[in-house]
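Q: The following block contains the structure, expressed as structure tokens.
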Amino acid sequence: MTFDWAFLLGTLPAFFRALGLTVELGLIAIATSSLVALLCSSVLLLRLPVLGVLVRAYVELARNTPLLIQLFFIYFALPSLGLKLSGYSSAIVALTFMGGAYLTEVLRAGIEAVPRTQVEAGMAIGLSRWQLFRHVILPQAGVFSLPALFANFIFLVKETTVVSAVAVPELLYTTKNYIGLYSKTYEMLAVMTALCVLLFVPLSLLFRALERRLRHAQFGS
Amino acid sequence: MPSSGLELLWQVAPQLGRGAIQTLAIALAAILCSTLGGLLYGVLGSLGRRALDALLRFYLELFRAIPLLVWLYLFFFGLPLLTGVSLSSFACAVLVLSLWGASEVGEVVRGGLQSLPRAQREAGLALGLSTWQLYRLVLIPQALKRMTPPTINVYTRLIKGSSLAVLIGVIEVIKVGQQIIERTHEHVLIYGTLFVFFFLICYPLSLASRALERRWSYA
């Protein structure tokens, strides 16, 4: 079998656009998911009556179903309910739906990890609710949550590959598309693998380094 | 023509059921292989051999860093080219999920074994137990409580991951659902049913994992 370098080089621009789209989707999903998670975890922290139940139901539903089903429901089923979204929008909505739930869970666990005595000590020296949250809970919960938060950010970027199923021309869709069109399976898999390694391995290494630093940060305090 | 959604669901239930069995077969096979592979990985990783650790570490990082769907494509499209062996899409899904799951379960097992006090291992060796006896009679039973909840979490991820099999052409529950939709155009009903199907399997597992973790965290 011969390796068709010329063909490979010809597809590179498309692949770099695809890589860009993967990164773009990942970053947008991280931002929107974080926003949803901040809202949801505030609801849980403030113990709001009805909203609290809704948030918990949402978190369980989103965490216990596959992203692919969520994506298909949004892309194929919502139009018959009157909401038609493009593949790109569906991808972002689905990633946010799933990511928001995962990040809510991370933030909730971080807040719960702050020792009860810290809150009581804060109240004893007369801090207001907001001051308590701002100066006592948030900094400590933040340190507790950060490793899991970053792990979930990376998880979200990896999950963007699933949205290839609704024809969003990211890395995997582009690969599959070219394989289908030109049968250059060997070359396309090589490009896909190379770009995946280029994107995901550094992310993974970065995460390990961060994790090590944060573990030491906890001991010093 | 079926008049209501429930009636339609009743009619297509046998067909959906056959798809569900395919999905569950993939998930169960992957869970079984992941558990066995994970035990092996965990035990090997707890032996403290440098070269072996580096090898396992490499395997874990590789499967953690690269998304599952990418591995599915690589094995499905790439394996026939590189080795000449062409796996069915079903076998391919089981293989990839198992390789991924074994590394995840393996990390859980290794962590569980390493969290035990060193004295347990030393006491076992002092009694003259062989390595096999040491692990089977002393270490694994004690680590089991710590390993079970996170292992159940890996199982739910495997079940959710089995949904990706449809993307390499396995005729499982999602594909069957899509075929029914082509005939009936009942998008909401069918995708809603699929939603419920996965939720009903994964949610009890998540609850069990959480309950066990709470109960055993003081053990």
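Q: Taking the stretch B:176-191 on its own, how many of its residues are within 11 Å of another protein chain (Cβ to nearest Cβ) and either in contact with a helix residue (DSSP H, G or I) (Cβ under 7 Å, 6 or more places away or on another chain) or closer than 25 Å to B:Leu95 by Cα (or both)?
A: Of the residues in the stretch B:176-191, 9 are within 11 Å of another protein chain (Cβ to nearest Cβ) and either in contact with a helix residue (DSSP H, G or I) (Cβ under 7 Å, 6 or more places away or on another chain) or closer than 25 Å to B:Leu95 by Cα (or both).
Q: For B:Val170, indicate whether it is closer than 18 Å to A:Ile69 by Cβ and away from chain A (no Cβ under 11 Å).
A: Judged against the criteria, B:Val170 is a match.
Q: What residue, among those in the stretch A:114-133 that are among the aliphatic types (A, V, I, L, M) and not in a helix (DSSP H, G or I), is nearest to A:Thr96 (Cα to Cα)?
A: A:Val114
Q: I'd like the full set of residues that are under 25 Å from A:Thr160 (Cα atoms) and more than 14 Å from chain A (Cβ to nearest Cβ), limited to the stretch B:31-69.
A: Passing the criteria: B:Ile31, B:Ser34.
Q: Further question: Which members of the stretch B:134-150 meet the condition of being closer than 15 Å to B:Leu47 by Cβ and of a type outside the set (Val, Ile, Thr)?
A: If the condition is that a residue be closer than 15 Å to B:Leu47 by Cβ and of a type outside the set (Val, Ile, Thr), then B:Leu134, B:Tyr135, B:Arg136, B:Leu139, B:Ala143 are the ones that fit.
Q: Output the residues belonging to the stretch A:34-49 that are out of contact with any Gly (no Cβ under 9 Å at 6 or more places or on another chain) and either at positive phi or part of a helix (DSSP H, G or I) (or both).
A: A:Leu38, A:Ser42, A:Leu45, A:Arg47, A:Pro49
Q: Continuing with the same structure: Give all pairs with beta carbons closer than 9 Å in which a residue from the stretch B:45-70 that is in a helix (DSSP H, G or I) meets a residue that is of a type in the set (S, T, N, Q) and surrounded by fewer than 20 Cβ atoms within 10 Å (Cβ to Cβ); count only pairs at least 6 apart in sequence or on separate chains.
A: Listed by first residue and then by second, the contacts come to B:Gly45/B:Gln114; B:Glu61/A:Ser204; B:Arg64/A:Ser204; B:Ala65/A:Ser204; B:Val70/A:Thr193.
Q: Something else now. Give me the pairs: first residue in the stretch A:33-51 and surrounded by 14 or more Cβ atoms within 10 Å (Cβ to Cβ), second residue of a type in the set (D, E, K, R), beta-carbon distance under 6 Å, and six or more apart or on different chains, which are they?
A: Hits for this filter: A:Ser41/A:Arg108; A:Leu44/A:Arg108.
Q: Please work out which residue is farthest from A:Glu105 (Cα to Cα), limiting yourself to the stretch A:64-77 and to residues that are within 7 Å of chain B (Cβ to nearest Cβ) and touching a residue at least 40 places away in the same chain (Cβ under 8 Å).
A: A:Phe72
Q: Now a separate question. Take A:Val136 and tell me if it is surrounded by 18 or more Cβ atoms within 10 Å (Cβ to Cβ) and not in a helix (DSSP H, G or I).
A: Considered against the rule, which asks whether it is surrounded by 18 or more Cβ atoms within 10 Å (Cβ to Cβ) and not in a helix (DSSP H, G or I), A:Val136 comes out as no.
Q: Shifting gears a bit: Quick check on my filter: what residues within the stretch A:157-173 are more than 10 Å from chain B (Cβ to nearest Cβ) and surrounded by fewer than 24 Cβ atoms within 10 Å (Cβ to Cβ)?
A: Answer for the stretch A:157-173, where residues must be more than 10 Å from chain B (Cβ to nearest Cβ) and surrounded by fewer than 24 Cβ atoms within 10 Å (Cβ to Cβ): A:Val166, A:Ala167, A:Pro169, A:Tyr173.
Q: Taking the residues in the stretch B:74-110 that are over 23 Å from A:Tyr178 (Cβ atoms) and within 14 Å of another protein chain (Cβ to nearest Cβ) as candidates, determine which candidate is surrounded by the fewest Cβ atoms within 10 Å (Cβ to Cβ).
A: B:Glu107
Q: Keeping to the stretch A:1-32, report how many residues are within 23 Å of A:Gly87 (Cβ to Cβ) and surrounded by fewer than 17 Cβ atoms within 10 Å (Cβ to Cβ).
A: Of the residues in that region, 9 qualify.
Q: Additional query: Tell me whether the stretch A:118-134 contains one or more residues that are out of contact with any strand residue (DSSP E or B) (no Cβ under 9 Å at 6 or more places or on another chain) and either within 23 Å of A:Ile154 (Cβ to Cβ) or within 13 Å of chain B (Cβ to nearest Cβ) (or both).
A: Checked the stretch A:118-134: no residue is out of contact with any strand residue (DSSP E or B) (no Cβ under 9 Å at 6 or more places or on another chain) and either within 23 Å of A:Ile154 (Cβ to Cβ) or within 13 Å of chain B (Cβ to nearest Cβ) (or both).
Q: Filter the stretch B:205-218 down to the residues that are of a type outside the set (S, T, N, Q), surrounded by 13 or more Cβ atoms within 10 Å (Cβ to Cβ) and within 13 Å of another protein chain (Cβ to nearest Cβ) and list them by number.
A: Residues satisfying the conditions are B:Leu205, B:Leu207, B:Ala208, B:Arg210, B:Glu213.
Q: A further question follows. Quick one: count up the residues across the stretch B:193-202 that are surrounded by fewer than 17 Cβ atoms within 10 Å (Cβ to Cβ) and either under 17 Å from the mean Cα position of the chain (by Cα) or within 7 Å of another protein chain (Cβ to nearest Cβ) (or both).
A: 1
Q: Which of the residues belonging to the stretch A:57-86 are under 18 Å from B:Cys202 (Cβ atoms) and surrounded by fewer than 21 Cβ atoms within 10 Å (Cβ to Cβ)?
A: A:Ala57, A:Tyr58, A:Glu60, A:Leu61, A:Arg63
Q: Within the set of pairs 6 or more residues apart or between chains, which connect a residue that is closer than 14 Å to B:Arg57 by Cβ and at the interface with another protein chain (Cβ under 9 Å from one of its Cβ atoms) inside the stretch A:196-207 to a residue that is of a type outside the set (Lys, Arg) and surrounded by fewer than 17 Cβ atoms within 10 Å (Cβ to Cβ) with Cβ atoms less than 7 Å apart?
A: Close Cβ pairs (under 7 Å, with a partner that is of a type outside the set (Lys, Arg) and surrounded by fewer than 17 Cβ atoms within 10 Å (Cβ to Cβ)) amount to A:Ser204/B:Glu61.
Q: Go through the stretch A:87-119 residue by residue and tally those that are exposed (fewer than 12 other Cβ atoms within 10 Å of the Cβ) and either at pLDDT below 90 or of a type outside the set (Val, Ile, Thr) (or both).
A: 2
Q: Could you tell me which numbered condition B:Gly161 fails, if it satisfies all but one of (1) facing chain A (nearest Cβ under 7 Å); (2) closer than 24 Å to B:Thr35 by Cα; (3) surrounded by 21 or more Cβ atoms within 10 Å (Cβ to Cβ); (4) not hydroxyl-bearing (Ser, Thr, Tyr)?
A: The number of the failed condition is (1).
Q: Filter the stretch B:1-21 down to the residues that are at pLDDT below 85 and of a type in the set (Gly, Ala, Ser) and list them by number.
A: B:Ser3, B:Ser4, B:Gly5
The values are calculated or read from the model by the stated rules, or taken from the named source; none is laboratory data. None of these values were measured; they are calculated from a predicted model. So basically every Cβ, Gly included, is an ideal-geometry build from the backbone, and we count neighbours across all protein chains shown.
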